[in-house]
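Here is the structure we will look at, set down as structure tokens.
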Protein chains: 2
Amino acid sequence: KSMRKGVVRATVSIEKESPEAERPETFLRGVDEAHSSSSVRARFEKMIREAQDSVCAALEAVDGGAKFKEDVWSRPGGGGGISRVLQDGVVWEKAGVNVSVVYGVMPPDAYRAAKGAPTDQKPVPVPFFAAGISSVLHPKNPFAPTLHFNYRYFETDAPKDAPGAPRQWWFGGGTDLTPAYIFEEDVKHFHSVQKSACDKFDPTFYPRFKKWCDDYFYIKHRGERRGLGGIFFDDLNDYDQEMLLSFATECSNSVIPAYIPIIEKRKDLPFTEHQKAWQQLRRGRYVEFNLVYDRGTTFGLKTGGRIESILVSLPLTARWEYDHKPEEGSEEWKLLDACINPKEWI
Amino acid sequence: KSMRKGVVRATVSIEKESPEAERPETFLRGVDEAHSSSSVRARFEKMIREAQDSVCAALEAVDGGAKFKEDVWSRPGGGGGISRVLQDGVVWEKAGVNVSVVYGVMPPDAYRAAKGAPTDQKPVPVPFFAAGISSVLHPKNPFAPTLHFNYRYFETDAPKDAPGAPRQWWFGGGTDLTPAYIFEEDVKHFHSVQKSACDKFDPTFYPRFKKWCDDYFYIKHRGERRGLGGIFFDDLNDYDQEMLLSFATECSNSVIPAYIPIIEKRKDLPFTEHQKAWQQLRRGRYVEFNLVYDRGTTFGLKTGGRIESILVSLPLTARWEYDHKPEEGSEEWKLLDACINPKEWI
């Protein structure tokens with residue numbers, strides 16, 4: 001399945017966005033909007049926009065100072081997004097929470113490769129719909145971990161020249177934690193909340209998506225993961241669609257209880273310059289992963305997505321020291337070891 | 001030609017390196033060493049090692065404090081390198097000057113694509129040789145520009161099963177300047193020295209390699225270049241081999257006169273926090289270019305090159321602000337404008 005999506009991603013490109021003065025009620029096109037009470041598209045958009053509101057409110061409350069700056073944008077052919085960024089706050093160095101709704105067209109070859117359509121069928125470009133919430137939260141305190149989460153829904157239109165052919169749809173997403181220092185109780189708490197969300201739907205989800213997360217956030221050239229994982233899944237369509245919509249909703253609603261208690265505990269701990277420099281080095285690794293490997297980022301850069309929304313995932317500051325090796329047995333070494341050898345936390 | 005090299009690069013992989021206690025006289029294999037007085041391989045290695053010595057001596061003299069740390073390494077099948085890094089000095093935030101000699105094997109398909117061998121010939125893996133000097137110098141002062149230079153030589157062995165078939169060889173390289181602020185006299189001086197080096201060999205070189213440089217160091221997703229250019233060329237083999245060896249030598253010898261006078265003038269200028277933050281933002285763009293587009297970096301990460309040597313090009317510190325836009329007409333805006341619209345400096 002990954003190969004297929006790779007093909008799609010390499011050949012799709014999208015229109016230039018323009019700023020909007022106000023948030024629209026919905027980014028759906030008129031024809032989708034008419035079905036807004038029932039369609040998965042509409043319910044997914046509603047879900048991610050509510051998640052954006054509640055996560056931003058929780059982050060502002062924790063910061064106690066800075067507020068999110070909002071940018072609303074749209075594309076001429078339909079769709080758009082809301083980017084919210086809080087920069088240089090009391091607690092947050094940089095926090096971005098974005099939602100977007102994209103209408104695009106997939107070249108016929110990519111679609112045929114994706115769904116294995118018979119080659120005697122006339123090839124026509126296939127319209128698609130994609131919506132998602134994406135967020136990266138970088139705190140200032142080196143003992144407070146970075147969080148990333150992203151939940152997305154993808155759908156193709158039913159091909160017009162083949163009335164019987166089904167729509168294709170997929171869900172993807174995940175939530176993962178990237179500390180510079182390990183507090184075992186924090187990591188256990190974080191993974192437990194992920195497991196609880198998974199277990200409500202399928203007992204195989206947590207072990208499977210935990211491993212998928214460890215495999216995905218792998219910085220190959222370093223032989224290490226960018227952090228301590230969580231859950232990750234992609235191209236998921238072999239379950240009931242309603243069940244997966246509920247699952248994505250549950251995961252989005254789990255972000256605050258999984259993360260905010262950790263931040264509350266760590267945000268005011270005293271730290272040294274040495275500890276701050278180590279956090280900055282790990283931020284450098286975060287940059288390496290996102291620019292070299294992350295599918296969303298590399299896809300976005302290639303297809304002409306909104307650059308500032310895509311790269312808001314990068315930290316405010318990062319650092320690269322030549323040949324840095326933490327002292328064996330040190331706290332820095334323990335973190336690195338857990339990034340090299342992923343652990344079962346619960 | 002770029003396509004061909006692309007094919008080669010995607011399919012080559014190299015052995016793991018190990019550290020060496022001392023610099024060897026040469027990294028050439030015995031059979032190459034025996035021809036050391038005459039072969040281009042041997043003369044190129046000698047040239048880049050002398051260039052490494054003289055550039056490092058000049059950089060240490062300017063710094064007046066910190067010294068280069070040296071790492072020597074080798075690969076079991078032959079070849080190796082010397083990495084020299086000066087970090088957190090008086091003048092230099094991070095300065096890396098590396099030489100390497102690589103023996104590798106190109107899969108037959110890549111070689112056939114490269115040289116257009118007749119398809120009725122038995123496909124065999126083709127051994128290749130590559131040697132180069134590569135350097136990135138990041139000063140602390142935001143008015144002192146970053147410099148990058150790299151000169152390399154690539155050669156395939158004559159295929160054993162086709163005695164008449166010729167060796168293939170190419171030269172590549174360039175020197176380019178990346179300031180955070182424009183001092184027109186500095187940029188003119190830098191480009192004039194590049195032009196003088198070029199003009200000694202061919203009057204078409206400077207205009208052609210200046211444009212090639214502007215085209216190469218393009219951050220596509222930003223629509224801007226990483227800096228103010230210089231010269232760049234790749235896969236060059238349609239000139240006399242001796243002439244190109246002399247040209248690469250002349251270019252390497254031009255690094256000090258092109259760059260050091262600029263550093264001397266700017267290294268002690270007073271600056272504000274605002275100016276330092278702008279330099280850090282431009283360093284972020286440097287990271288984006290190197291990790292997303294630079295052929296040497298992306299090739300090195302994929303093939304298992306020495307990671308610390310490859311990523312020494314990344315700055316000690318970098319910064320990403322959401323949606324940063326310099327004020328129109330400001331000094332920051334002028335730099336950005338020159339990165340978006342490359343200028344003729346001389």
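Within region A:43-58, identify whether any single residue is more than 14 Å from every other protein chain (Cβ to nearest Cβ), within 19 Å of A:Leu147 (Cβ to Cβ) and not in a helix (DSSP H, G or I), and answer yes or no. So far as region A:43-58 goes, no, none of its residues is more than 14 Å from every other protein chain (Cβ to nearest Cβ), within 19 Å of A:Leu147 (Cβ to Cβ) and not in a helix (DSSP H, G or I). Going by the structure shown, is B:Gly300 more than 14 Å from B:His148 (Cβ to Cβ), of a type in the set (Gly, Ala, Ser) and under 15 Å from the mean Cα position of the chain (by Cα)? Yes; evaluated as a whole, the condition is true for this residue. Against the criterion of being surrounded by 19 or more Cβ atoms within 10 Å (Cβ to Cβ), at the interface with another protein chain (Cβ under 10 Å from one of its Cβ atoms) and under 13 Å from A:Thr178 (Cα atoms), A:Gly284 qualifies.
If you go through region A:85-94 and keep only what is under 22 Å from A:Ser252 (Cα atoms) and at the interface with chain B (Cβ under 10 Å from one of its Cβ atoms), you end up with A:Val85, A:Leu86, A:Lys94. For region A:260-268, indicate whether the set of residues that are more than 10 Å from chain B (Cβ to nearest Cβ) and in contact with a Lys or Arg (Cβ under 6 Å, 6 or more places away or on another chain) is non-empty. For region A:260-268, residues more than 10 Å from chain B (Cβ to nearest Cβ) and in contact with a Lys or Arg (Cβ under 6 Å, 6 or more places away or on another chain): absent. Residues in region B:259-280 that are surrounded by 14 or more Cβ atoms within 10 Å (Cβ to Cβ), part of a helix (DSSP H, G or I) and in contact (Cβ under 8 Å) with a residue 60 or more places away in the chain: B:Tyr259, B:Ile260, B:Pro261, B:Ile262, B:Ile263, B:Lys265, B:Arg266, B:Gln275, B:Lys276, B:Trp278, B:Gln279.
When region B:305-322 is limited to residues that are assigned to a loop (DSSP other than H, G, I, E, B) and more than 8 Å from every other protein chain (Cβ to nearest Cβ), the one that is modelled with the lowest pLDDT turns out to be B:Gly305. Taking region B:225-256 as the range and being in contact with a Leu (Cβ under 7 Å, 6 or more places away or on another chain) and either within 14 Å of another protein chain (Cβ to nearest Cβ) or of a type in the set (A, V, I, L, M, F, W, C) (or both) as the test, the residues that pass are B:Leu228, B:Leu236, B:Leu244. One residue stands out in region B:211-239 among those that are assigned to a helix (DSSP H, G or I) and more than 15 Å from the chain's Cα centre (by Cα): the one that is surrounded by the fewest Cβ atoms within 10 Å (Cβ to Cβ), namely B:Asp215.
The values are calculated or read from the model by the stated rules, or taken from the named source; none is laboratory data. Nothing here was measured: the structure is a model prediction, and the numbers come from that model. Every residue, glycine among them, receives a Cβ derived from its backbone with ideal geometry; neighbour counts consider all protein chains shown.
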